[in-house]
Structure formats: structure tokens, C-alpha cells
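Visitor: I am attaching a structure below and will ask some questions about it afterwards.
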Amino acid sequence: MANNIQAIRGMHDVLPEQTPLWQYAEQMIRDALGAYGYSEIRLPIVEKTELFKRSIGEVTDIVEKEMYTFEDRNGDSLTLRPEGTAGCLRACLEHGLLHNQVHRLWYYGPMYRHERPQKGRYRQFIQLGVETYGMSGPDIDAELILIMDRLWKKLGIRDKVRLQLNSLGTIAERLAYRETLVGYFQEHLDELDEDSLRRLETNPLRILDTKNPAMQNLVANAPELMAYLGDESLKHFNALTETLNDLGISYELNSRLVRGLDYYSKTVFEWVTDELGSQGTVCAGGRYDGLIEQLGGKPNYAVGFAMGIERLLALMETLGNVPVARTVDVYMIRVGETAEREGLRFAEIIRNEVPGLKLQVNCGGGSFKSQFKKADKSGAEYAIILGDDEVSRGEVSVKSLRSEQEQQTLSREQTCAFLQELCRLA
């Protein structure tokens with residue numbers, strides 16, 4: 001007998017009992033973004049490999065090690081998107097959306113990275129991305145932070161996440177800082193791990209983000225980027241922190257926060273938690289003004305953030321903030337040939353009369369006892385019982401499945417009114 005085919009390692013199914021939590025979080029996200037007037041954009045999963053090499057940087061871990069890249073039948077190199085910013089910007093440039101325009105956009109969907117799967121970090125992961133274009137001031141940076149602050153509150157987890165802030169300044173300021181930083185680490189080569197030695201040649205700022213406990217003291221004593229920022233970068237950052245102070249948004253200054261992608265400049269931020277072990281970053285983003293020109297567009301302004309949904313849901317589950325979601329409100333039991341025919345008709349009437357009601361009709365026959373067990377297992381609050389006798393009298397029986405409430409016999413009109421009231425009180 002052949003072995004069953006299983007899912008690819010690091011790529012998971014979301015089973016029916018798990019989807020209500022996903023749907024709940026997705027709706028809260030839509031509501032939060034809608035409150036600020038953001039529009040959804042839907043993007044391809046596959047892009048030309050060159051897009052990510054030009055945007056993320058050829059000497060990053062993502063491009064060097066983690067991308068799912070393949071050659072198609074035309075000989076073109078294509079890649080499953082490892083992140084969404086580059087694709088969103090490509091779409092805006094391709095369709096002329098950035099010419100003298102301001103945009104607030106969001107997208108949602110799977111991203112792919114071939115890395116070692118672990119809790120909160122998968123090879124296929126679902127990500128929310130939010131991108132804004134054409135706005136240079138720190139007020140739009142603050143707005144993005146406000147969106148997440150509102151979402152955390154809606155999800156009931158605001159007290160379990162912390163905002164960390166830093167500024168990476170301009171490219172010129174970072175280059176000057178990079179020289180100093182490389183000099184510092186070269187004086188301590190014997191203290192660098194293998195990863196850091198490699199990054200010293202390619203992306204030395206990423207050494208500051210090391211998770212190696214043995215290097216924490218070395219990193220803590222490294223020169224700080226903030227000392228290399230010019231007046232414009234400092235003015236932007238100070239205006240952002242003043243705005244957050246005015247709005248009552250607490251934050252921590254983290255001079256070691258550098259983000260993993262080459263295209264960030266000025267503001268960078270992360271929302272972190274202590275509830276998920278080493279996978280403590282729940283949402284991260286910042287400014288990437290230079291990326292638009294890097295991809296062939298005219299100089300412009302851009303700032304955004306991304307959030308992994310699996311990690312968000314893991315946090316909610318860890319904290320017990322999982323809403324009770326009912327897939328079925330009412331389950332219809334049909335016993336008898338006439339009842340089976342009439343039940344389907346009556347179910348359609350109910351769905352027309354009671355929008356929003358989740359009504360499941362028993363299919364496949366079965367005794368009253370077996371159907372009642374299915375009704376109970378469905379999680380429904382009420383069962384509608386329809387037999388041939390009830391059909392002849394134009395009545396149905398309505399029984400509560402979750403309380404001691406007495407069974408009622410109602411006309412079809414009364415049943416619709418009862419269910420309308422049920423929906424109104426829900």
C-alpha cells in the first residue's frame with residue numbers, strides 16, 4: 001500500500017476548527033484598517049527574481065539562502081514572494097499610481113521562505129502588509145503605529161506588546177556609521193560568531209540584531225547610529241516621538257533595532273512581546289524612501305509595516321484571547337420523505353428572511369437520534385425539528401441544545417420571527 005502524501009515541511013493546513021480564529025483576526029484587521037481609510041490591493045504570489053534581488057539586496061540571507069526560485073518554461077527566473085513590499089511597489093510603478101498621488105494600501109496572503117521551520121516561523125506563512133506612498137512627514141509614521149495600537153486593543157492584547165523605535169537615518173549617514181562599526185568589530189574578531197563574521201563583510205548593521213547571548217555585551221558596547229544622524233533625520237525622529245507622546249503611545253528607544261532588509265531608512269519600529277520566547281517580534285516596519293528610485297521610479301516617500309498572522313494567533317492563543325466562534329447557529333433535523341423535501345424549501349425561506357443566520361440542514365438521512373447527535377456536535381444553539389406530521393400542520397419544533405429551555409412548537413412564520421430575534425440579540 002502506497003504511503004499517504006503529506007504536506008510539505010513548514011507548510012501547514014488550517015483545519016475547520018482553527019479557521020474561526022483566523023476569520024476573527026482577519027475581520028479585526030479589516031476593521032482597523034478601514035477606520036483609517038486604507039484600500040486593499042491584491043498581488044501575484046510569483047514575481048521575477050530580479051525584483052527581490054534589487055529591492056531586498058543580493059547579499060541578504062533571504063536572497064542568498066531562503067527564496068523559492070525556479071526557472072519557468074521560457075527560461076525566466078521566477079520566485080515565490082518572500083515578502084510583499086517589493087511586489088506592492090512594483091504594481092504601483094507599473095500602473096502609474098505614484099505620479100503626484102498619495103496612497104494608503106494593504107495586502108494579505110502567503111509568503112515563502114526556505115528556512116528551518118520552528119514555532120511562529122514557517123516556510124509558507126501568512127502576512128499582512130501595509131504600505132503608504134507620497135507622504136514625507138512623521139505624521140504618517142505615527143498613523144501606522146496608531147493603526148496597530150488600535151488593533152491590539154480590539155484584540156485585547158495591548159498590554160502584552162511593546163513598541164520599540166529607532167532611526168536608521170539616510171543612506172549617507174548609515175555609510176559613515178558602517179565604517180565606524182566595521183572598525184569596532186574588527187578589533188573584536190575573536191568574539192564574533194560565524195554568522196557575524198560573514199555579515200561583517202556584507203551587512204555589518206545586522207550584527208547588532210544578533211540573538212547570540214555570548215555577543216550581547218560586545219553589541220551593547222558598539223557605537224550607536226543615533227550619534228551619526230544629521231539634523232534632518234533627527235528632526236524627523238524627534239517629531240515622531242513627540243507626536244507619540246502627545247497621543248499617549250508608550251514606546252522604547254532601541255538603538256540596536258536595524259531591521260533585516262537593506263531598503264529601510266529613517267524610522268524603523270517593531271512591536272514585540274515576551275510571551276512567545278525567542279520569536280518576540282509580532283509586527284515590524286519603517287521608512288523605505290529610497291526603494292522607489294531603486295526600482296526605477298522617481299524619488300518619492302514610502303513607509304509601511306508587515307505582520308505575520310501565525311505569530312499573532314499564537315500570541316492570542318497563549319494569552320487565552322480566543323473568541324468562541326460558532327459555525328452553525330441552527331441545525332435542521334428532517335425525518336420522513338415529505339419532511340426531507342419540505343425542509344430544504346423551508347430552510348431557503350429562513351435564509352431569505354433571516355440574513356446572517358448560520359443554518360445547517362441535515363443531509364444523508366438517518367434516524368432522529370443520529371440526527372440529534374449531529375445537531376449537538378455541530379455546536380448549534382438550537383435545533384429545528386421537522387417531521388411529516390409537522391409538515392402537514394404547517395409547524396416545526398424548536399429545541400434549545402445549550403439550555404434547559406422547553407421545546408416549542410411554532411408556525412413557520414413564528415419560527416422566522418424567533419430566529420430574527422435570535423440574530424438581533426447575538
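Visitor: Please find, among 174, 199, the residue that is modelled with pLDDT under 90 and closer than 28 Å to residue 238 by Cβ.
Guide: 174
Visitor: If you don't mind, another one. What tally of residues in the stretch 104-126 results from selecting those that are crowded, with 17+ Cβ neighbours inside 10 Å and touching a helix residue (DSSP H, G or I) at 6+ places or on another chain (Cβ under 7 Å)?
Guide: Looking only at that region, the number is 8.
Visitor: Report, ordered by the first and then the second residue, all pairs with beta carbons closer than 6 Å, sequence separation of six or more or different chains, a first member in the stretch 95-121 that is hydrophobic (A, V, I, L, M, F, W, C), and a second member that is surrounded by fewer than 14 Cβ atoms within 10 Å (Cβ to Cβ).
Guide: Close Cβ pairs satisfying both conditions: 105/39; 106/40.
Visitor: Something else: Restricting the stretch 170-197 to residues that are closer than 27 Å to residue 287 by Cβ and among the charged types (D, E, K, R), which is surrounded by the fewest Cβ atoms within 10 Å (Cβ to Cβ)?
Guide: Per the criteria, the residue is 179.
Visitor: Given the structure, is residue 278 out of contact with any Leu (no Cβ under 6 Å at 6 or more places or on another chain), of a type in the set (Ser, Thr, Tyr) and modelled with pLDDT of 95 or more?
Guide: Taking the combined requirement at face value, the residue does not satisfy it.
Visitor: Considering only residues that are of a type in the set (Val, Ile, Thr) and assigned to a helix (DSSP H, G or I), which ones fall in the stretch 377-409?
Guide: Within the stretch 377-409, just 391 meets the criteria.
Visitor: Oh, and also: When you go through (1) modelled with pLDDT of 90 or more; (2) more than 29 Å from residue 148 (Cα to Cα) one by one for residue 194, which number turns out not to apply?
Guide: Against the list (1) modelled with pLDDT of 90 or more; (2) more than 29 Å from residue 148 (Cα to Cα), residue 194 comes up short only on (1).
Visitor: If you take the residues of the stretch 224-263 that are assigned to a loop (DSSP other than H, G, I, E, B) and modelled with pLDDT of 90 or more, which of them is nearest to residue 146 (Cα to Cα)?
Guide: Of everything passing the filter in the stretch 224-263, 249 is nearest to residue 146 (Cα to Cα).
Visitor: Do any strands (runs of 3 or more DSSP E) lying entirely in the stretch 43-121 carry at least 3 residues that are over 25 Å from residue 280 (Cβ atoms) and of a type outside the set (A, V, I, L, M, F, W, C), and which ones are they? Walk me through it before giving the result.
Guide: Details: elements: 46-48, 68-71, 77-80, 103-112.
Those strands (runs of 3 or more DSSP E) span 68-71.
Visitor: Going through 166, 217, 221 one at a time, which residue ends up being closer than 26 Å to residue 145 by Cα and at pLDDT 90 or above?
Guide: Checking each option against the conditions leaves just 166.
Visitor: Within the stretch 300-311, can one find any residue that is on the phi < 0 side of the Ramachandran plot, assigned to a loop (DSSP other than H, G, I, E, B), under 26 Å from the mean Cα position of the chain (by Cα) and not polar (S, T, N, Q)?
Guide: Yes, the stretch 300-311 contains a residue that is on the phi < 0 side of the Ramachandran plot, assigned to a loop (DSSP other than H, G, I, E, B), under 26 Å from the mean Cα position of the chain (by Cα) and not polar (S, T, N, Q).
Visitor: Sticking with this structure for a sec: Return the pair list, or none, for Cβ contacts closer than 6 Å from residues in the stretch 360-383 that are without any contact (Cβ under 8 Å) to a residue 40 or more places away in the chain to residues that are among the β-branched types (Val, Ile, Thr), at least 6 apart or on different chains.
Guide: Note: pairs meeting the criteria are 360/328; 362/333; 368/335; 371/333.
The values are calculated or read from the model by the stated rules, or taken from the named source; none is laboratory data. These numbers come from a predicted model, not from an experiment. When we count neighbours, we look across all protein chains shown, and the Cβ atoms used for this are built from the backbone with ideal geometry, even at glycine.
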